[in-house]
Every structure is written in structure tokens, then in C-alpha cells.
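J.: Before we start, here is the structure in question, set down as C-alpha cells.
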Amino acid sequence: MSETPETRLLPPYRWAVLTAVFVFIVYILTLAPTTAFWDTSEYIAAAKTLGIPHPPGNPLFVVLAHVFGLLPLAASYSVRINLFAAVTSALAAGFWFLVAERWLRNLVEDRTLRLGAAAAGVLVGAFSWTVWNQSTVNEKVYTVSLFWMALATWLAVHWGDDKAGAHRDRWLVLIAYVIALNSTNHMMGVLAAPALAVYVLWTDWRIITRPWAMTMGWFLFMAVSGVWQEPLAWLFGPAGSVPGGLSTGSILIVVITLGFLGWAALKDVKNPLLYLGIFAVLVGVSLNYVFLPIRAGQFPAINEGEPVGFFSQALMDVLNRVQYQKPSVFVKPWYPYTQPRDAGLFLSQLGNYWQYFSWQFARDWPEALRGFFTALFAVTGLSGLWSLIKRDKRAGVAAAAMLFTLTIALVFYLNFKYGFSMHPGRTDIDANTMREVRERDYFFMGSFAFFGTLVAAGLGAAAVEAVRQFRSRLAALPVLGLALVPLFGNRLTASRAHESIAFDFAVDLLQSVEPYGILITAGDNDTFPLWFAQEVEGVRTDVTLVNLSLANTEWHLRQIQRRQTPEFDPAKSIDLWKPRSDTSAVRLDVPPGGWQRPTTSPFALSLKELDSLPEISTVKKGQIFKVGDIDIKFGTEYVEKKDLAVIFLIRDNLDKRPIYFAWSDANYPDETLGLTQYLVSQGLVRKLRTSPVVEGGPIEFTTLGFTDIPRTKALLQSYHWQSVTRDRPRGWVDPPSASILRLYSIVYGLAAETMRQHGDSAFAARADSIARKVEQEIRPR
């Protein structure tokens, strides 16, 4: 491509910075003050402890967030990590601005209009609902991926404007490094690679004739796809890591690699870019193969998958997300309601994407307006893409490739079940448990942000036409002003400001447990906030946490077995557990000699014995397993590893640690283990007694089963009900996590009924008011 005066223009870095700063300011004003539900707590805690979150481990995020968290930008560690999300997302907006402005040069000659259109489109992307909502709390790793994706795209665009030669070739090495490095955060960032390849080949197709470039490209493909893992494990892994030798596919990978290296040795052996390119890729991807096994071997507090050992099977399982057992995407994509395409028809999965797309521009507004602006921005973006294809085919085709990869190809690859809120009322879907457990719009965050560059092209073309028609630049203002629609249309529900319920819930749950207790929880939303509270805020670290959904994994049981119980700190507990002259009516089951810190593991089983627990065991329904004076009665004809783990925890700690089940476990201890007659409800938890519960004194039988009335009242008075009942103009916007908030409604509502029967009308009225307010505020409006 020959150089023109237009391509020699300096990029508008100042305007990019101003755009990024404006986006960042809005993110700051709507920033979460602490953690949130789902994976937020897990990732903040992993950053703090330099730990390993769920597969694929996300080492780039952990390292960057850990370093960022050391900066004295805020007193609260969680705010610092939330700032990290805001910074990376705002920086991405700055790079998308540079990309949009460059692609608009052949479309909008007037520089002022071009800058305005680029800014307008980028703001649409930055304030689309999912991007904004994910940028105000560090729920996932996707803002980091978004940053590197935008950076890599801008580097490719910048490379395309450089003069051919060694200087321009070095940009390709940098792009390869950025893509390889980004793959160690999450594969979302790699989705830009096909579009960048289109851009590079359209600019200079002769790149495929250069051995150094093609060899670097092959190594990049192997690094981000992971196809080299088996050959590397065979060469460098522990003995037996590849039983039976290399597969046919791996042998082919080795042959192709040797072919590229031979070609490069013959043609480019003296070219330093050959070695620099391969080195850049290897360094970029090294966090996966060096950081993860080294850090896992140090057994941090969060060590999911425990990928100990270089090129070990555990490391490969983490990198390949074996834990999720996703079915193949290539079988029967057209056949409805069958596996392996989880949502049946591929069209249904595309419909789920369209549902998420319709949330992006005016989610706070009435449905009619929301639908109008969804259609308007969809048409604007697609018309912008068409304008690019007509006026700048290189940019247009690359943009089309990017859009295809981030939408249709991504939908096909992800192969999701029906969305949580998709097709409401379809009983055939619900009955077959074919819904995702939560909304998955965040997977398409890159799509929504990138779409802003296409909107920029559409607005630019419309602005030019408006100026031509009315012969005044002022005529472009209404067109560019559309950029403000997402800012105002999403400001209520995208904001996380003042939302502290996840942390407050974690504190309430932990403080419901006696010192040195074991607390058994169900899943992400009732466990990850507890990890955050303990590892980041230091709240009740004496409590041992057991997660039922993770207890089927070997690594979680090992983590519990290795845990050294810290000293109980009365200063960080509620008054109920602090030393005092006991003049209250609350009876405490204090062991003889007081609460003593256990010095043994929660499991008496060795690591080897824990690892040997079967995945599933067959039992007779109703069969009784006796532990002390407790009869564990199996409610099904099989028990999973997690059930065996709970049984052994009960056996090994019955007289050593108090054992609690969170109410979020629902009926698990009743239906699976038959423990109803041994459980006493106390606020948000149920305590396991060592013998059958007898009604009388403080214990009454209520709707919640056997209930310790004074203890429950004391706990409810200490809970953070204010954060659950705070005003939310649009209600609770995440229905899948509303069940956690509803626990407060249930517990306070039933307590009100009980206290009214006891004549405590004042407490009953207050509890009833709290229960009704919770239901009011979590109801979508």
C-alpha cells in the first residue's frame, strides 16, 4: 500500500486520551465500593493472595491486578481492584478511538466531524450496558482482555500505515507478543487475531512468503490454541504424562513445526526477527507454563485446580478447562433440543445473543424505547460497516471479520444452553434443566465494545450527509448526540455505586458461626464473598469453608485438609462472640475450657485417602450410617464425593469444631443426609447438634424447623439489612443472584411471625418491614 498524506497524519493521541479520561470519570462515579456477587470476590481475593482462580487460571490478570493493588490509590483493596477494571476498560476505549478515527479517514474528510464521530461511537461502546456494568467492578477478567484486544487492533492499524521494511516488521513481532500475552489472561482477547490477520494480509500479502513471519505465526497459533501441549508434555513433562506416546495429531504438529523451522533455517537463519519473533511468543505465553505451576506449588489460599508441576496433567486440565466438560460444537448444530448443542437450534443461541444486544443501549427505559434504540444502533453500526467496505475495503473487511468472530463464531463456539431469562414460561426448557445458571452477556463484552467503532462509522457517514444537506456543521450535532443515549439510558442499572450487599452478606454469614466453626455452603454466590471477606478483609478467618459444588474436586478437599486454622480474633467478631459477663438471654454452646483453636486438620484422612474418594458410590436409599449419636440417613441411591466429604467432616469434627450448613444449601442436609432432627436454625445458618434436637427452652419448632429463638434474634439484630433493603430504582437487575437477597426476606419474615407469637411486637414489626422491603427492592421494575 503506497503512502499518502492522509496515512502520514499523526494519530490524534490527545483526543484519544480525552475520550478515555471522560469514560474513566464516568466509571469512577459509578464504581462499586466493594465486592459483588459471582466471580468478583474470587478474582479480588486471587489478586490479593497471588492465587489461582478457576480455569484457565488467568495468570496475567492475577499478576497485573496484584501489582495494581499495591498502588496507594484507595484505602480499600477492593476499590483498588475495581479501579483496575475501570482503568483497563477506559484505556481500551482510548485505543478503540484511535482505530475508529483511522478507519474514518476515507469516510469523513472533515477532521472535526471525524473526531466527533469517533468519540461518539466509542462512547456508545464504552457505555453499552454490559461493558459499563463490568467496568465498575472487577467481576471477571474481561476488561483486561478488552484492553489488550483494542491495543492489538490499534497496533495492526498503525503497522498498516508504516513504511515497508525492518521497522514495520518489528511491529508484527510486538503484535504477536501482545496476542500471546493476552491468551494468558483469557481467550477472549485472542478473538481479534482473525481480523488482524485479514488486515495484515490485505496490506501486504507477501508476508506469507517470509519464513521468519510464518514461523512466528505458527508458534503463535500453537501457543494460543494449546495444540503443542501434548508434545511439550511428552518432551519435558513428568514420566507417564503422555501414556502410550504421541497421538497422530501431535506427531503432525511436530512435523509441521520442524518444517517451518527447516524453512526458516534455510532462508532466514541470519534474520534476527526470526529469533525475536519466536522468543516474543514464548515469553508472552510463559505465564501459563511457568507462573501457574510454580505458584500452585506454593499452595496459596486460592489454588483452583492445583496445577502443580511443569507440563503436568493438572496444569493441562486447568489450561484446557476440563472442569467444565463442554460438549463438542460440531455435532448436529441444526437439530433441536438435543446434545451436544446445548440450546438445540443454533438460531436459538443467536437469539440469546440478540437478547443481550438489546440490553446495551437503553436498558433503564421502557420496552418500546429500548427496542427503538436497539434497532437504531443496530442499523447505524451495520450501515457504518457497509460504508467502510465501500470506502476502505481493508478496514471494512477486517471490521467484518472482527464482527463475525465476536458474534456468530463466538456464539457457535460457546454453545451455551438457553439463557437464564430467555423464553420465559417455556416449561420444556426448564424441565430439562437446559438454562444457564446466570446471564452470560459478559462473554460478548468485546462484541459490544467493538460495535462502537462501527457505530462511529455509521454516525460519521450520517453526520457528513447532514452537514451536506444543511450546509452547517451544527447539523451534525443531533446525529453525534446519539452517543449520549447509552449514557443516560443505562445510568441506573449499569452503575454499581453504593452496592455492598455481597460483602455484607459474607460478613453476616461468617458472623453467624461460632469460633472455629466449619461452614458448609452451596455455590459461587454464597462462597466467593466469604473468600473475599477472609482473605482480603480478614473477617473471621477462623471459620473453615467447605463448598459443596467444589467438594467433588480433589483440589478443594486438599485445600481444606492443608488449611491451618488461624486464631479467632474477638476484635473482628460481633458482640455475640466477644468475651463478656454473660447477662444476656442468649445461650452459647461453649465447649469446656472455652473455644480452643484446633491444631489438627478438618479431615483426619490423608491427602492420598482424600484423592481416592470415589466420584459416585451406590448405597441403599434409607440406609443409615452412624456417627456418634447421629444417624446419617441416605436420601438417594447414590452418594457423590462431596457427600462423602461432608460425612467425614462430621465424623472427624463432631466434638472438635461446631458444624454449620448455610441456609443457601436449601434442603441438602435434610434430603441427602437425613439430618433434619439434628439441625437448629440460627439466622442465616443451621447448626448441627451432636444428638437429636428436643424442643423446649430457647428451641422451638418453626417454619424453619428447630430454631434457636434468642440466638436468631441476636443475629438478626447484627445483620446488615440496610444494604439489602436500599433503594434500587429499577429493582435488582440480576435475577439469578436474587436468591441470596431473598434469604434475608425469608429469615426476617419468619422471625417476625415467631416474635409476634412471643409478644415482641416491636421486633416483629421491624423484621416484617425488612422482609417486605427486601422483596420490594429485588423485584425488577
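The values are calculated or read from the model by the stated rules, or taken from the named source; none is laboratory data. Please read all numbers here as calculations on a predicted model, not as lab measurements. Counting neighbours? That spans all protein chains shown, and the Cβs are built from the backbone with ideal geometry, glycine included. Only protein heavy atoms, including side chains, enter the accessible area calculation; ligands, DNA and RNA are left aside. Shrake-Rupley method; radii C 1.70, N 1.55, O 1.52, S 1.80 Å.
J.: Here are a few candidate values for Rg and Dmax of the Cα atoms in Å: (1) 28.7, 93; (2) 33.2, 122; (3) 41.8, 128. Which one was actually calculated from the structure I just gave you?
T.: Derived directly from the coordinates: (1).
J.: Tell me, what is the percent relative contact order of the chain, built from C-alpha pairs under 8 Å that lie six or more residues apart?
T.: 14 percent
J.: Over the chain, give the accessible area per residue in Å² for a 1.4 Å probe, as an integer. If you can, show how the numbers build up before the last one.
T.: Numbers: 31960 Å² over 781 residues.
That works out to 41 Å² per residue.
J.: Give me the one-decimal nm value for the distance between modelled label points at H498 and L73, 7 Å along each residue's Cα-to-Cβ direction.
T.: 2.4 nm
J.: How high is the relative contact order of the range 1-149, given as a whole-number percent (alpha carbon pairs under 8 Å, six or more residues apart)?
T.: Details: 170 pairs, mean separation 51.7, N = 149.
Result for the range 1-149 is 35 percent.
J.: Roughly what angle does helix 346-357 make with the longest principal axis of the chain, taking Cα atoms, 0 to 90 degrees, to the nearest 10?
T.: The helix 346-357 is inclined about 90 degrees to the chain.
J.: Considering only the chain, what is the antiparallel percent among its DSSP beta bridges, to the nearest 5?
T.: Details: 19 of 29 bridges.
Close to 65 percent.
J.: Enumerate the lysines that K578 could reach by cross-link, defined here as Cα to Cα under 30 Å, with residues fewer than 8 away along the same chain left out.
T.: Partners found: K48, K656, K687, K713.
J.: What dipole magnitude, in Debye to the nearest 20, does the chain give about its Cα centre under +1 on Lys/Arg Cβ and -1 on Asp/Glu Cβ? Before the final figure, lay out the partial values.
T.: Details: 71 positive and 65 negative charges, 413 e Å.
In debye, rounded to 20, the chain gives about 1980.
J.: While we're on this one: Leaving out same-chain residues fewer than 8 places away, which aspartates and glutamates sit with a Cα under 12 Å from that of K163?
T.: E3, D204
J.: Related question: Normalised by the number of residues in the range 157-285, what is the relative contact order in percent for Cα pairs under 8 Å and 6+ residues apart? Write down the numbers at each step before the final one.
T.: On the way: 111 pairs, mean separation 52.5, N = 129.
Over the range 157-285, the number comes to 41 percent.
J.: Within the chain, which is the longest segment that contains none of the GluC sites (Glu not before Pro) sitting in a DSSP loop with at most 10 other Cβ atoms within 10 Å? Before the final figure, lay out the partial values.
T.: Numbers: sites that count: E567, E615, E695.
No qualifying site falls inside 1-566, the longest such stretch.
J.: So, one more: Report, in whole Å, the centroid distance computed from the Cα atoms of the range 41-74 and the range 698-765.
T.: 35 Å
J.: Moving to a separate point now. Please give the FRET efficiency for T676 paired with L369, using the beta carbon to beta carbon distance and R0 = 56 Å, rounded to the nearest 0.05. Write down the numbers at each step before the final one.
T.: On the way: r = 51 Å, r/R0 = 0.90.
According to the calculation, E is roughly 0.65.
J.: Just to confirm a number: summing +1 for Lys and Arg and -1 for Asp and Glu over residues other than I52 whose beta-carbon lies under 12 angstrom from that of I52, what do you get?
T.: Values: positive: R295; negative: E42, E304, E306.
So the environment of I52 carries a net charge of -2.
J.: Working out 0.36 nm times the residue gap between M187 and L588, then minus their Cα-Cα distance, what length gain in nm do you get to one decimal? Numbers along the way, then the final one.
T.: Values: separation 401, 0.36 × 401 = 144.36 nm, distance 5.11 nm.
Additional length available on full extension: 139.2 nm.
J.: Roughly to the nearest percent, how much of the accessible area of the range 94-162 is carbon and sulfur, given a 1.4 Å probe? It would help to have the intermediate numbers written out before the result.
T.: Working: 600 of 1110 Å².
Carbon and sulfur atoms account for 54 percent of the accessible area of the range 94-162.
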